[in-house]
Amino acid sequence: MRTYKNILSLTFSFATLAFFAGCGHYLIPGKFEPLEAAQQETVGESTRMDILDDGTVTFVQNRLEVSVRPMADEEINRQYPAQSSDASGPTDELPSNPFTYGNWIDGRTGKSPQRLSIFKITIKNYEYPKVKLDPLMITVESVNGRYYYPWGDYDAEEYFRRYPLAFNGLGYLRYKERRDLYTQAKYPDDEFCFSGQEVEGYVVYSKIHADVGEIAVKI
């Protein structure tokens with residue numbers, strides 16, 4: 001029987017962006033930026049938290065780095081340009097991008113709504129023989145008491161399978177494309193990051209509620 005030592009328990013803190021109008025301020029749902037480095041929780045004396053310009057928070061322990069970055073819909077759309085702009089066809093299907101609604105515009109609001117909340121996790125291991133991170137154990141907690149749990153394969157399958165209308169040909173092709181893109185982009189469920197390697201991928205959550213002003217990503 002193989003046993004593994006739990007060497008880290010990390011917390012990464014982010015706040016929702018806000019804009020100010022008159023005497024009030026308004027949250028921008030889904031837009032998160034990291035708190036200052038001094039407000040991030042560290043583990044041990046030989047560790048630190050780095051804040052990067054792109055919104056990444058990186059835990060550094062000697063030559064091991066664990067990074068968390070909240071992804072914006074616009075950035076994901078640029079990563080999948082073709083799949084974010086193909087909202088057309090005989091049944092007016094939604095774009096094939098599994099993480100956003102792409103260029104689809106909600107006629108009621110005149111905007112493209114947020115579909116999911118996505119965080120990019122990156123492990124750079126130049127310290128230990130191997131490191132294992134279980135993405136299904138990464139939770140998001142808000143200061144107002146909400147808890148969010150990561151999607152597994154079953155959650156994604158159940159969510160996307162409902163979109164093909166009577167399993168029409170185009171709808172089923174889009175379903176398979178979404179499933180493949182999701183599988184390729186997600187953080188691997190059962191993969192070690194061996195010494196000298198880097199592993200990265202998305203961890204997916206249901207959309208974080210609009211009333212959430214501050215969150216902690218717990219690994």
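The values are calculated or read from the model by the stated rules, or taken from the named source; none is laboratory data. Owing to the predicted nature of the structure, the values given are computational and were not obtained by experimental measurement. Please note: Cβ atoms are built from the backbone with ideal geometry, for glycine as well, and neighbour counts cover all protein chains shown.
The table that follows gives values for the structure above.
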| quantity | calculated |
| --- | --- |
| Members of region 179-216 that are at pLDDT below 90 and in contact with a Phe, Trp or Tyr (Cβ under 6 Å, 6 or more places away or on another chain) | I215 |
| Near pairs, Cβ below 6 angstrom, 6+ apart or cross-chain, from region 51-70 (within 18 Å of V203 (Cβ to Cβ)) to any residue that is assigned to a loop (DSSP other than H, G, I, E, B) and among the hydroxyl-bearing types (S, T, Y) | S67/T56; R69/T56 |
| Breaking point among (1) under 19 Å from M71 (Cβ atoms); (2) hydrophobic (A, V, I, L, M, F, W, C); (3) crowded, with 16+ Cβ neighbours inside 10 Å, for A210 | (3) |
| Criterion: assigned to a strand (DSSP E or B), touching a strand residue (DSSP E or B) at 6+ places or on another chain (Cβ under 6 Å), buried (at least 21 other Cβ atoms within 10 Å of the Cβ) and of a type in the set (F, W, Y) - qualifying residue of F99, F119 | F119 |
| One residue from V212, V199 being assigned to a strand (DSSP E or B) and closer than 26 Å to G55 by Cα | V199 |
| Residue check for G44: farther than 22 Å from S13 by Cβ, surrounded by fewer than 19 Cβ atoms within 10 Å (Cβ to Cβ) and at pLDDT below 90 | no |
| Number of the exception - E158 against (1) part of a loop (DSSP other than H, G, I, E, B); (2) more than 19 Å from D86 (Cα to Cα); (3) not small (G, A, S) | (1) |
| Tally, over region 49-74, of residues that are surrounded by 15 or more Cβ atoms within 10 Å (Cβ to Cβ) and of a type outside the set (V, I, T) | 12 |
| Hey, Y202 among the hydroxyl-bearing types (S, T, Y) and under 29 Å from S85 (Cα atoms) or not | yes |
| Filtered residues of region 154-178 (kept if farther than 20 Å from Q79 by Cα, out of contact with any helix residue (DSSP H, G or I) (no Cβ under 8 Å at 6 or more places or on another chain) and modelled with pLDDT of 85 or more) | Y154, D155, E158, Y159 |
| Among (1) assigned to a loop (DSSP other than H, G, I, E, B); (2) of a type outside the set (V, I, T); (3) closer than 19 Å to K218 by Cβ, the one test that E127 misses | (3) |
